[in-house]
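Quick note: the coordinates plus some simple rules give every number you see, no bench work behind them. Because the structure is predicted, anything quoted here is derived from the model rather than measured. Please note: Cβ atoms are built from the backbone with ideal geometry, for glycine as well, and neighbour counts cover all protein chains shown.
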Amino acid sequence: MKIFKTIALCLIATMSMAQEEIPTNEQSGKAEYKYSEEVPGLTADQLYDRGLAWVNKFYKNPNGVLKTRDKESGKLVGRARFKLSKTDKKGNVNPNDGYVAYQITLQFKDGKYRYIIDGIRWEQGSYYDVSQWSDSTQANYNKQVYTSYIAQAIKYFDTLSENLEDYMKVGEAKVEDDW
């Protein structure tokens, strides 16, 4: 019984130390989120309107985010960013430890839509794809900081993706005013 408990504890410890990774494009090797889904019964225009409504709801400054609004071709393109935070050895949190910028492209056809989040980069003097946070062979690799950045990026993009996918399925909840 002790052996079983020891093995179980070792497995749990190993799984908790496993580092999540940001998904990458197989061809380019750069960070990328990509998803498509069918939404039967809706036209490309209806899905476009729903996607635009989501952008207006999700982002604090949707006009600053959206760079392309092309209803005719069924495409929205935006550029946005979010803050990173860093916790030092004493447990103090610096909530302004840089930004992750990205491009989001929403495309619509009758009965389906897709989104691509790419160009995901840590804002630095030169282009720094966030997939490099997983590369421990880098000269200035900092496991504690980069693991935290990866977790923050994954949490942000998971929240964005879930929010977008849920919204595209049902749209805005209609409030009935039967006075």
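Could you look through region 83-107, keep only residues that are in contact (Cβ under 8 Å) with a residue 60 or more places away in the chain and either under 17 Å from ASP118 (Cα atoms) or not in a strand (DSSP E or B) (or both), and pick out the one that is farthest from the chain's Cα centre (by Cα)? The qualifying residue farthest from the chain's Cα centre (by Cα) is SER85.
Look at region 57-74: where a residue is in contact (Cβ under 8 Å) with a residue 12 or more places away in the chain and closer than 20 Å to GLU172 by Cβ and a partner is assigned to a loop (DSSP other than H, G, I, E, B) and of a type in the set (Ser, Thr, Tyr), sitting 6+ places away or on another chain with Cβ atoms under 9 Å, you get VAL65/TYR59; LEU66/TYR59. ILE154 passes every criterion in (1) on the phi > 0 side of the Ramachandran plot; (2) assigned to a helix (DSSP H, G or I) apart from (1).
Quick one: in region 108-117, of everything that is more than 12 Å from the chain's Cα centre (by Cα) and assigned to a strand (DSSP E or B), which residue is surrounded by the most Cβ atoms within 10 Å (Cβ to Cβ)? Spell out the reasoning first.
Of all residues in region 108-117, those more than 12 Å from the chain's Cα centre (by Cα) come to 108-114.
Cutting the leftovers down to assigned to a strand (DSSP E or B) gives us 108-109, 112-114.
Details: PHE108: 26, LYS109: 14, LYS112: 16, TYR113: 23, ARG114: 13.
Only one residue tops the list, namely PHE108.
Taking the criterion of being in contact with a helix residue (DSSP H, G or I) (Cβ under 8 Å, 6 or more places away or on another chain) and on the phi > 0 side of the Ramachandran plot, the only residue of region 29-72 that qualifies is GLY29. Is it the case, given these coordinates, that SER148 is touching a Gly at 6+ places or on another chain (Cβ under 8 Å), touching a residue at least 40 places away in the same chain (Cβ under 8 Å), surrounded by 15 or more Cβ atoms within 10 Å (Cβ to Cβ) and of a type in the set (Gly, Ala, Ser)? So SER148 fails the test.
If you take the residues of region 123-145 that are within 13 Å of ALA101 (Cα to Cα) and touching a Phe, Trp or Tyr at 6+ places or on another chain (Cβ under 6 Å), which of them is surrounded by the most Cβ atoms within 10 Å (Cβ to Cβ)? So, considering only residues that are within 13 Å of ALA101 (Cα to Cα) and touching a Phe, Trp or Tyr at 6+ places or on another chain (Cβ under 6 Å), the one surrounded by the most Cβ atoms within 10 Å (Cβ to Cβ) is VAL130. Exactly one residue out of ALA80, ALA139 is in a loop (DSSP other than H, G, I, E, B) and of a type in the set (A, V, I, L, M, F, W, C), and it is ALA139.
Could you identify the single residue in ASP88, ASP135 that is more than 15 Å from ILE22 (Cβ to Cβ) and among the charged types (D, E, K, R)?
On the way: ASP135 fails: more than 15 Å from ILE22 (Cβ to Cβ).
Only one candidate qualifies: ASP88.
Can you pull out the residues in region 77-107 that are among the acidic types (Asp, Glu) and exposed (fewer than 13 other Cβ atoms within 10 Å of the Cβ)?
Just the residues of region 77-107 that are among the acidic types (Asp, Glu), to begin with: 88, 97.
Within region 77-107, just ASP88 meets the criteria.
Only residues that are loosely packed, with under 13 Cβ neighbours inside 10 Å and not β-branched (Val, Ile, Thr) were counted in region 155-171, giving 5.
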